[in-house]
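Take a look at the structure set out below.
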Amino acid sequence: MRLPRIPTRGAGPANFEQIWANLPFPAFVLNRADQLSQTNGAGEQMVKISAKILRNRSVGSVFGEDSVIADTVAQARAKSGSLMQYNVDVALTDLQPARCNVHVGPLGGDTDDLLLIIQPTGVAQKMSRSLTHMAAARSVVAMSAMLAHELRNPLAGISGAAQLLAMNASDEDRELTELIQEETRRIGKLIDRVEHFGDDRPTQRSAVNIHDVLDRAVRAAQAGFASHVKFSVDYDPSLPDAAGDSDQLLQVFQNLIKNAAEAVDGTRGKIKLRTSYNSGVKFAVAGKRTENLPLQIDITDNGHGIADSLISEIFDPFVTSKSNGSGLGLPLVSKIITGHGGLIDCDSTPGRTTFTLRLPLWQENMGLL
Ligand SMILES: Nc1ncnc2c1ncn2[C@@H]1O[C@H](COP(=O)(O)OP(=O)(O)OP(=O)(O)O)[C@@H](O)[C@H]1O
Ligand SMILES: [Mg+2]
């Protein structure tokens, strides 16, 4: 099939072939026997087969005879019209099924060809999940102010009284007063963490070298809680600076690395830090301008993974699977990242858990968000 040329004006040569090749969604043209006659670049990437080799292979042999795609094509043929299937799982051999919208419709003109477009919806869903985290973090902000105010004074009283009792106590009783003090210290630390949420000042952004901050987080982890873990890095050396608050981002990386270190198995534990530049990711927050989020940071561990029943809630406050966990690490991470105008998400299977952060680029004249 030859694609017709678009009449061009001013901006230089542009034609349907270019548009077809650069369409960001997998797209395929099917001939009247439902064989693939054309495939664009995104389509080749999706099925991991070149357009040349795909030519004249049937839809069923590429996507599966019983697949949603083969079924949608058959239905579109039967009614000689267009069909759109929303949020269906498209599975390809040896790949995880991906949630997609599938469109099949006549290509028009004087042919019986069909146009098949597959639009992955995963990114959009992840973005809306991230917005939910923002709402959860806001509810913690309100509660934290009350908690900190109400708990600090009585706690100081309990700790002081235990100190007084300890002065005249027998050895046996002193053990108990020490226990009281130890536990009040623990509650004090918890209040400190909760109070982080109460800090509602806008994020002061400056140019941040992400690799420096990641390295600081790794060094601190290796000297302490993650001394048993093997770290590896895969940094994009040309990664530009992020727009961020380096102290807050350090907290983010420390929390994610701590969770990873707590999930991995004794001596076989591995944590991998990867950075990359991904120019295609944009994110619009209601009422705010669109942010470009090209800086990607992946923190991957080979630990036990997150249970399916927990994964949709891990960014909510007080969700924990640990006997001594507060469930405040990830909500704080989420609050900081969304405060940066960024995105965070997580993919987890047993043996491989990845937290992905996306952050905006530093530009001159940025400052207060
Ligand atoms: N890398 C990971 N691997 C497996 N599970 C994880 C990972 N990261 C987070 N989780 C799960 O998410 C839960 C919430 O994490 P979060 O950091 O918010 O709280 P926590 O680690 O339990 O407690 P805290 O961070 O306050 O000490 C954890 O209890 C754990 O079940
Ligand atoms: Mg944690």
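How far apart, in nm, are the 7 Å Cα→Cβ label points at I187 and H228? Once both label points are built, they end up 3.1 nm from each other.
Pop the C-beta distance of I180 and F318 into the FRET formula with R0 = 35 Å and round what comes out to the nearest 0.05.
Values: r = 24 Å, r/R0 = 0.69.
After rounding, the FRET efficiency stands at 0.90.
Mind running the shape call on the range 149-228? Use the C-alpha gyration tensor, a ≥ b ≥ c as the square roots of the eigenvalues: rounded below 1.5 for a/c, prolate if a/b tops b/c, oblate otherwise.
It comes out oblate by the Cα gyration axes.
A Förster distance of 56 Å, applied to the separation of the beta-carbon atoms of D212 and S170, puts the FRET efficiency at 0.60.
You can think of it this way: the chain between D241 and A74 has 55.1 nm of extra reach, that is 0.36 nm per residue less the Cα-Cα gap. Remark on V233: its backbone amide H falls under 5 Å from those of L273, a criterion applied only to residues 5 or more positions apart or on other chains, H modelled at 1.01 Å from N. Fully extending the segment from E364 to Q163 would add 67.0 nm, taking 0.36 nm per residue of separation and subtracting the current Cα-Cα distance. A Förster radius of 56 Å combined with the Cβ-Cβ distance from E195 to D110 puts the calculated FRET efficiency at roughly 0.20. Here the spin labels are modelled as points 7 Å beyond Cα on the Cα-Cβ line, and at W20 and S82 they lie 1.9 nm apart. In terms of packing, defined here as the mean over residues of other Cβ atoms within 10 angstrom, the peptides 219-228, 353-362 line up highest first as 353-362, 219-228. Sorting the segments 331-343, 38-50, 253-265, 152-164 by their mean number of nearby beta carbons within 10 angstrom, highest to lowest, gives 331-343, 253-265, 38-50, 152-164.
No lab work stands behind these numbers, since they all come straight from the coordinates. This is a predicted model, so every value here is computed, not measured. For neighbour counting, all protein chains shown are included, and Cβ atoms are generated from backbone atoms with ideal geometry for every residue, glycine included.
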